[in-house]
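Engineer: Structure provided below as structure tokens; questions to follow.
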Amino acid sequence: MITTLLVVVIVLAIAFDYINGFHDAANSIATVVSTKVLTPFMAVLWAALFNFAAYFYFTDHKVANTIAKTVLEQYITLEVIFAGLVAAISWNLFTWYYGIPSSSSHTLIGGFAGSGMAYALILGANPLEAINISATLKIISFIVLAPVIGMTISIIITLIIINLAKKSRPSVAEKWFKIGQLISSAALSFAHGGNDAQKVMGIIATALIAQQVIPDFESMPAWVPLSCYVAIAAGTMSGGWKIVKTMGTKITKVTPLEGVSAETAGAITLGITEHFGIPASTTHTITGSIIGVGVVKRVSAVRWGVTISLLWAWVLTIPVSAVLGGATLAVIHYIL
């Protein structure tokens, strides 16, 4: 049954997807902007184009299915989903305002899980009973694994490129690296769109199932993925310059060669996680990849103080979002 609250939840979910786009735009364009291969305006257009292009390729929706199963069905209501979205949007805007490249994916997961746990507590059940533990642990494990995989792949790619190009003239190599960065940034944007848009698809599908508009996840209507990809592409076009500065310059100085390596590594890592239906963080992945190219130069080339600050944001995102989600649900239940 279609209700006012269902419409509000869908609008909020699409709004979150839009915010996700401009919050995470830096992940796709930071290196290509910092190396001056593209202007900021051209970079966001480039990224948005490939964010949306992912709509035509990623049709299995494995990541969306994982998100939909984070909270067990008997603890899902529209109020739970609404509270989770409010928490996710709040934390995303807070971290964007202060230029902290936190994970939009983990913000959404934390908010949804926290409101589900609060609902279980209201019903007199153990809060942990509301959570799909295996799915949640898989998601949490990739807080560590995604940046490590990205870093490892970027180190390998950087070393391969250095060895292949060591006999080339610097001016010729620089030209090819800049062309390569256009391709690698497109690949990263493509993977980002395919991974992140699905997370909101999972939330909307869950809301539709909760209201018995559709019987199951496989019956998700075509407008859901289309609207999610449009929203994330539109958000990317809005940019995210505060986070671009952190990702593109504060972790380590990035050259076009290193930009190609970092973006390619990020795209490969996201492609792997999407294949296995794991909602990995684009932010974590590209940060690990950028650290990888810095380490190849020398360990001291990485500004570890900045990196440690980012790690704190990563660790705190899920629990803070969960608390916000639980608190929001409590307000809805006991006051409204």
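Engineer: Among Glu73, Glu263, what's the order by accessible area (1.4 angstrom probe), most exposed first? Show your work: numbers first, answer last.
Structural biologist: On the way: Glu73 140, Glu263 0 Å².
From most accessible down to least: Glu73, Glu263.
Engineer: Let me ask another. Given Cα pairs under 8 Å that are at least 6 residues apart, what percent is the relative contact order of the range 59-213?
Structural biologist: Values: 111 pairs, mean separation 59.1, N = 155.
Contact order relative to length: 38 percent.
Engineer: With viscosity set to 1.567 mPa s at 4 °C, what whole-number translational diffusion coefficient in µm²/s follows for the chain from Stokes-Einstein and a Kirkwood radius over Cα pairs?
Structural biologist: On the way: Rh = 19.8 Å.
D = 66 µm²/s.
Engineer: Here's a follow-up. Give the distance, in whole Å, between the Cα centre of the range 167-187 and the Cα centre of the range 58-108.
Structural biologist: First find each Cα centre; the distance between them is then 37 Å.
Engineer: While we're here: Report the FRET efficiency, 1/(1 + (r/R0)^6), for Leu5 and Glu174, where r is their Cβ-Cβ distance and R0 is 56 Å, rounded to 0.05.
Structural biologist: Working: r = 55 Å, r/R0 = 0.99.
Working from the Cβ atoms, E equals 0.50.
Engineer: Please build a GNM for the chain, connecting alpha carbons under 10 Å apart, and tell me which residue among Trp91, Trp176, Trp46 fluctuates the most.
Structural biologist: Trp176
Engineer: Also: Report the gain in length on full extension from Leu159 to Tyr98: 0.36 nm times residue separation, minus Cα-Cα distance, nm rounded to one decimal. Intermediate values should be presented prior to the final figure.
Structural biologist: Details: separation 61, 0.36 × 61 = 21.96 nm, distance 3.45 nm.
This chain segment gains 18.5 nm when fully extended.
Engineer: So what is the calculated 222 nm ellipticity per residue for the chain, using -39500 (n - 2.57) for each DSSP H run with n of 4 or more, over all residues, to the nearest 500 deg cm²/dmol?
Structural biologist: Details: 12 runs with 252 residues, N = 336.
It comes out at -26000 deg cm²/dmol, rounded to the nearest 500.
Engineer: Still on this structure, please answer the following. Quick one: of Lys62/Lys175; Lys178/Lys199; Lys138/Lys297; Lys36/Lys297; Lys36/Lys62; Lys36/Lys138, which pairs are farther than 29 Å apart, Cα to Cα? Before the final figure, lay out the partial values.
Structural biologist: On the way: Lys62/Lys175 38 Å; Lys178/Lys199 32 Å; Lys138/Lys297 32 Å; Lys36/Lys297 20 Å; Lys36/Lys62 36 Å; Lys36/Lys138 37 Å.
The pairs that break the limit, which is 29 Å between Cα atoms, are Lys62/Lys175; Lys178/Lys199; Lys138/Lys297; Lys36/Lys62; Lys36/Lys138.
Engineer: What ranking of Asp216, Asp24 comes out by heavy-atom accessible area, probe 1.4 Å, highest first? Can you show the working numbers first?
Structural biologist: Working: Asp216 60, Asp24 5 Å².
Descending accessible area places them as Asp216, Asp24.
Engineer: Would you pull out the residues with amide H under 5 Å of Val71's amide H, same chain only if 5 or more places away, H placed 1.01 Å from N?
Structural biologist: The list, which skips near neighbours in sequence, is Asn132.
Engineer: Sticking with this structure for a sec: Might you work out the accessible area of Val260 for me, using a 1.4 Å probe with all protein chains in place, and round it to the nearest 10 Å²?
Structural biologist: The accessible area of Val260 comes to roughly 20 Å².
Engineer: Simple spin-label model, 7 Å along Cα-to-Cβ: Leu137 to Glu73 in nm?
Structural biologist: My value for the distance between the label points is 2.4 nm.
Engineer: Hey, what does the equivalent ellipsoid look like for the range 81-177, semi-axes from the Cα gyration tensor as sqrt of 5 times each eigenvalue, largest first, whole Å? Intermediate values should be presented prior to the final figure.
Structural biologist: Numbers: eigenvalues 384, 60, 10 Å².
Over the Cα atoms of the range 81-177, the semi-axes work out to 44, 17, 7 Å.
Engineer: Accessible area per residue, 1.4 Å probe, Å², for the chain: what's the number?
Structural biologist: On the way: 13870 Å² over 336 residues.
I get 41 Å² per residue for this part.
Engineer: Here is a further query. Express the relative contact order of the chain as a whole percentage, based on alpha carbon pairs under 8 Å and six or more residues apart in sequence. Provide the component values of the computation, followed by the final result.
Structural biologist: Values: 635 pairs, mean separation 129.2, N = 336.
Relative contact order of the chain: 38 percent.
The values are calculated or read from the model by the stated rules, or taken from the named source; none is laboratory data. Everything numeric here is computed off the predicted structure, so don't read it as measured data. Cβ: placed from backbone, ideal geometry, glycine included. Neighbour counts: every protein chain shown. These accessible areas exclude ligands, DNA and RNA; they are computed on the full protein's heavy atoms, side chains included. Shrake-Rupley method; radii C 1.70, N 1.55, O 1.52, S 1.80 Å.
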